[in-house]
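Values in this text are rule-based calculations from the coordinates and carry no lab data. Predicted, not measured: the structure shown is a model, and the values here were computed from it. Neighbour counts run over all protein chains shown; Cβ positions are idealised from the backbone, glycine included.
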Amino acid sequence: MKARNGLTRFFNCYILRESRIIKEELWIRDGKIVNPEEVFYVEKVEPDVSLDCDGLLIAPGFIDIQINGGWGVDFSYDSENVEEGIQKVAKELLTHGVTSFCPTMVTSDKEKYSKILPKIQKKQGSKHGATILGVHLEGPFICLARKGAHTPELIKNPIKGIDSLLEMYGSLENVVIVTLAPELPGAVEAIKSLSQRGIKVALGHSEASLAQAEEGVRQGANLITHLFNAMLPFHHRDPGLVGLLASTTDKQVYYGIISDGIHTHPAALRIACRTNREGLILISDAVAAQGLPDGAYRIGPQAVSVENGWAYIAGTKTLCGSTMALDRCVKTFKEATECCLEYALETASLHPARALGIDNIKGKLDYGYDADFVFLHPKTLEVQSSWIAGEKDMCSQRSEQNDCLISDGDHEIADRSSWNNGFRARGLVLVSLAPRNLRRRRAAVKAKQLHLIIKF
């Protein structure tokens, strides 16, 4: 058998595959998930590294398609240091299991779009930060009566269809989703043109009737923005946008929903889940206060006040987004709906991947897919670490560096200082592992069953 091939083997783990949680090994190479039988029996190679996962659950990395910012960064306001802000959020998201995201800009003026949009580039993620799938533009082409937290003076009608959007946004090169209200003048033409360009259209901040919403879907829209929020409430004679959940449209309509315990009542979550299971997508809709304490923040041109975790437009009781990360939304959703764990995880991974048309490479742990996944405690669902493109995120590595077991098969050390003092000079490469059951792992190392240090 050959070695030194870049293969990593995860064993003693449970993985989510084909909507089932099964006990099975996961093998990765060159940033992709590979078939271990083909590698072992056809290529006749062994893994370079084998990691004992100690019974943890491995799920596809979460995908957040609507996030306004976090950790003090607001994607619609901070126009002078856009790249640094995006990278900061991308890095922090990995600690919450989010391996891909769509930075979201709320209604802004033309100057802000011209400054910010060109600087938010689509970017493959790494251990330093989550993948940037492209921008989600929420506004300004929305209904004034359903503006929510958007600045009323900046709201527009897309009277000239796609030309109105191009005049406002400039280039759409890095855009993957546009939220607009389908009842506005020129909106249907804009939806059709955006869809022809490969940009997904979400219907939201709208007073559309069901008929108007269905026309938007016929022209190419396939998403609803934060269901139940900033739209007409359900009415039995005309259910509006909510009616799309049970509509007879030819294609699946997906809908984002905020499961933070604030925006959407548990009963509303259950209604949505039981009405249209395949379309449900958990989103964070997080603002700059994500990951930070109560205080004063921004969302675009608006000042934000966060009180007890509730984010309001300053001086009002108008909600303006969430302060909860997507991993917490998954836990809240599961508790509220009492759904199975498999389904809860897929609403934050497989479903958004399908909505964006990237479910051929993301959202699953199938062979050939991107090696983007998250280690979770099987009971608490606490994130243990995230892996993206086959690399472990740096934050998890740093948090473990003082206790992880280090060995070359003949010697073992238990702390980083010993590594620095003696083993680095011997030409060894460190591979860190979560510090669980160290006694059992030490025994495995002594028996030459587990090697955490690889020679060059």
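Modelled label-to-label distance, GLU153 and ALA303, 7 Å Cα→beta-carbon offset: nm?
In this crude label model, GLU153 to ALA303 measures out at 1.5 nm.
Could you please state, rounded to a whole Å, how far the C-alpha centre of the stretch 315-356 is from the C-alpha centre of the stretch 149-168?
Using only Cα atoms to place each centre, the spacing works out to 29 Å.
Can you pick out the pairs among LYS122/LYS192; LYS91/LYS200; LYS32/LYS122; LYS122/LYS317; LYS115/LYS364; LYS122/LYS156 whose Cα atoms lie more than 31 Å from each other? Can you show the working numbers first?
On the way: LYS122/LYS192 23 Å; LYS91/LYS200 26 Å; LYS32/LYS122 20 Å; LYS122/LYS317 35 Å; LYS115/LYS364 35 Å; LYS122/LYS156 27 Å.
In this structure, LYS122/LYS317; LYS115/LYS364 exceed 31 Å between Cα atoms.
Compute the FRET efficiency between LYS317 and THR275 as 1/(1 + (r/R0)^6), taking r as their Cβ-Cβ distance and R0 = 25 Å, and round to the nearest 0.05. Can you show the working numbers first?
Working: r = 29 Å, r/R0 = 1.16.
Here the calculated transfer efficiency is 0.30.
With r as the distance between the Cβ atoms of SER114 and LYS160 and R0 = 25 Å, compute the FRET efficiency 1/(1 + (r/R0)^6) and round to 0.05. Please list the in-between numbers first.
Numbers: r = 18 Å, r/R0 = 0.74.
Using R0 = 25 Å, I get an efficiency of 0.85.
Ordered by packing density, taken as the mean number of other Cβ atoms within 10 Å over each peptide's residues, highest first, how do 104-110, 320-326, 265-271, 25-31 rank? Mind showing how you got there, number by number?
Details: 104-110: 23.6, 320-326: 27.4, 265-271: 16.0, 25-31: 18.1.
The peptides rank, most packed first, as 320-326, 104-110, 25-31, 265-271.
So what does the Cα-only Debye profile of the stretch 1-81 read at q = 0.13, 0.18, 0.25 Å⁻¹, as log10 I(q)/I(0), no solvent term?
-0.58, -0.79, -1.21
Relative contact order, percent, of the chain when contacts are C-alpha pairs under 8 Å separated by at least 6 residues? Don't skip to the answer; put the middle values down first.
Numbers: 1090 pairs, mean separation 80.2, N = 456.
Worked out over the chain, it gives 18 percent.
Expressed as a rounded percentage, what relative contact order does the stretch 253-380 have, with Cα pairs under 8 Å and six or more residues apart?
Numbers: 187 pairs, mean separation 29.0, N = 128.
Answer for the stretch 253-380 is 23 percent.
Taking loop as defined by DSSP and a crowding limit of 14 other beta carbons within 10 Å, which GluC sites (Glu not before Pro) in the stretch 129-205 fit? List each step's numbers first, then the result.
Working: sites: GLU138, GLU153, GLU167, GLU173, GLU183, GLU189; in loops: GLU173, GLU183.
Those that pass, being in a loop and sparsely packed, are GLU173.
Only counting other Cβ atoms within 10 Å, I'd like LYS44, LYS364 sorted with the fewest neighbours first. Show your work: numbers first, answer last.
On the way: LYS44 9, LYS364 23.
The most exposed by this proxy come first: LYS44, LYS364.
Can you give the net charge of the other residues whose Cβ lies under 10 Å from the Cβ of VAL82, counting K and R as +1 and D and E as -1? Let's see the in-between values first.
Numbers: positive: LYS115, LYS119; negative: ASP78, GLU80, GLU83, GLU84.
Neighbour charge sum, excluding VAL82 itself: -2.
If packing is taken as the average number of other Cβ atoms within 10 Å across a peptide's residues, how do 234-247, 380-393 rank, most packed first? Kindly include the intermediate steps, with their values, before the conclusion.
On the way: 234-247: 16.6, 380-393: 20.4.
Ranking, from highest mean packing down: 380-393, 234-247.
Convex hull over the alpha-carbon atoms of the stretch 266-312: what's its volume per residue in Å³?
Working: hull volume 4.8 nm³, N = 47.
Normalising the Cα hull of the stretch 266-312 by residue number yields 103 Å³.
As a test of the definition: which semi-axes, in Å, follow for the stretch 1-135 when you take the square root of five times each eigenvalue of its alpha carbon gyration tensor? Largest first, please. Mind showing how you got there, number by number?
Working: eigenvalues 294, 48, 28 Å².
The equivalent ellipsoid of the stretch 1-135 has semi-axes of 38, 16, 12 Å.
How much length is gained if the chain between ALA211 and GLU38 is pulled fully straight, taking 0.36 nm per residue apart and subtracting their Cα-Cα distance, in nm to one decimal? Let's see the in-between values first.
Working: separation 173, 0.36 × 173 = 62.28 nm, distance 5.13 nm.
Length gained between ALA211 and GLU38: 57.1 nm.
Rounded to the nearest whole Å³, what is the per residue volume of the convex hull around the Cα atoms of the stretch 233-355?
Values: hull volume 15.8 nm³, N = 123.
Spread over its residues, the Cα hull of the stretch 233-355 gives 129 Å³ apiece.
For the stretch 33-157, calculate the relative contact order in percent as a whole number, restricting contacts to Cα pairs under 8 Å that are 6 or more residues apart.
Working: 176 pairs, mean separation 28.3, N = 125.
Normalised by residue count, the contact order of the stretch 33-157 is 23 percent.
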